[in-house]
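Report on the structure given below.
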Amino acid sequence: MIPAVKLSPAAFSVTNQRSKSALVPSVSILNMKQIASCSLRPLYLTRLDDPHTSELKPRRQLLDFRCAASAADDKESKAEVVPASSEAAQKLKISIYFATWWALNVIFNIYNKKVLNAFPYPWLTSTLSLACGSAMMLFSWVTCLVEAPKTDLDFWKALFPVAVAHTIGHVAATVSMSKVAVSFTHIIKSAEPAFSVLVSRFILGESFPMPVYLSLLPIIGGCGLAAATELNFNMIGFMGAMISNLAFVFRNIFSKRGMKGKSVSGMNYYACLSIMSLIILAPFAIAMEGPQMWAAGWQKALADVGPNVLWWIGAQSVFYHLYNQVSYMSLDQISPLTFSIGNTMKRISVIVSSIIIFRTPVRPVNALGAAIAIFGTFLYSQDRLKLRVCSI
């Protein structure tokens, strides 16, 4: 809305010789600081009381300056719609985040399964993944490639339960993948929303509308159908995926409660989480497997696969950190709902790619169960969005 501006004759510098150029007023009467603070508003000005105006051929000069109107107009200008170019750039940025996140996750799962097939020691594999990410971020901080986070003792105290849950979820998922197909692990992990609702309802005392509970039916039913028809079903692999779901639900709960108000970027937050998880996991990895088992397994892997196993271990460690880092960075740019939908699509890409690459045999009824579970996850995301909108 263009504000009305009333200008007196004194605001114009008019002479008989320059009557034709008198249509452009002097802008010196405007405060230049106000001029710099307002949005660009073109005004078409002419003197209505000038006798020469009626004799001139009607013309309008575009006045290209910034006008300070009123406090209300200033607030209105701040609430202007984001330009289409900025909106398109943001959409492109989010698309790049998602594409990178999915690609890195697919690559990690492929190399992780290759490593576990040749070197079936999930506790050591999980430890190496965290160690690699921790080393990468420490190097980035020391060399100032990334600004180190400003943390205190309270931050690390709040991070500890998050790290415990993250460690359990990470190891449990790796154990699952060492026993069953990658696709089956991710089908079971798509049931994480069901664990989230159940934990929130029976432990935290939160209540949800009926559509949220109904959306859990296809998730639970689809996962059950996929598990019942899995050709290479393994109870340890199944329970590992279920424990991973539960652990990651508690990780999210602890993170929301303990890290509220902590000003740490997504990249540095995950780096701190990796470091603390590594400290927690290393002693348990030694106790559960130990150097003797690792040495024997390493010799067997070299004999069966050759030096490629070393490359596989390095690749899965690097890509594990990168895909998690990108996912935490994307949380700084998108809403939790968009992230949830992206996570669902990520599982689809991992399931499909792993079936193709590893030539995993899939029955039609097994694929139907996976599709139902993933569709239920999508419905859950939509119902949670409606719940958030109604609560605003």
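Roughly how many percent of the accessible protein surface of segment 93-194 is carbon and sulfur, given a 1.4 Å probe and a whole-percent answer?
Details: 2760 of 3920 Å².
That share works out to 70 percent.
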Original post:
Between segment 145-173 and segment 206-237, what is the C-alpha centre distance in whole Å?
Top reply: 30
**OP:** Would you mind getting the accessible area per residue of segment 142-292, heavy atoms of the protein chains only, 1.4 Å probe, in Å²?
**Re:** 47
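For R201, R347, R359, R257, give the ranking by accessible area with the largest first, probe 1.4 Å. Let's see the in-between values first.
Working: R201 95, R347 20, R359 205, R257 165 Å².
Sorted descending by solvent-accessible area, the residues read R359, R257, R201, R347.
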**OP:** For Q333 and V365, compute 0.36 nm times the residue count separating them, minus their Cα-Cα distance, and round to one decimal in nm.
**Re:** 7.7 nm
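How much length would be gained if the chain were fully extended between A287 and F160, taking 0.36 nm per residue of separation minus their Cα-Cα distance, in nm to one decimal? Don't skip to the end; give the middle numbers.
Values: separation 127, 0.36 × 127 = 45.72 nm, distance 2.10 nm.
Full extension of this stretch gives 43.6 nm more.
The values are calculated or read from the model by the stated rules, or taken from the named source; none is laboratory data. Just so we're clear, the structure is a prediction, and the values are computed from it rather than from any experiment. In case anyone asks, the SASA skips ligands and DNA or RNA and just uses the protein heavy atoms, side chains included. Shrake-Rupley method; radii C 1.70, N 1.55, O 1.52, S 1.80 Å.
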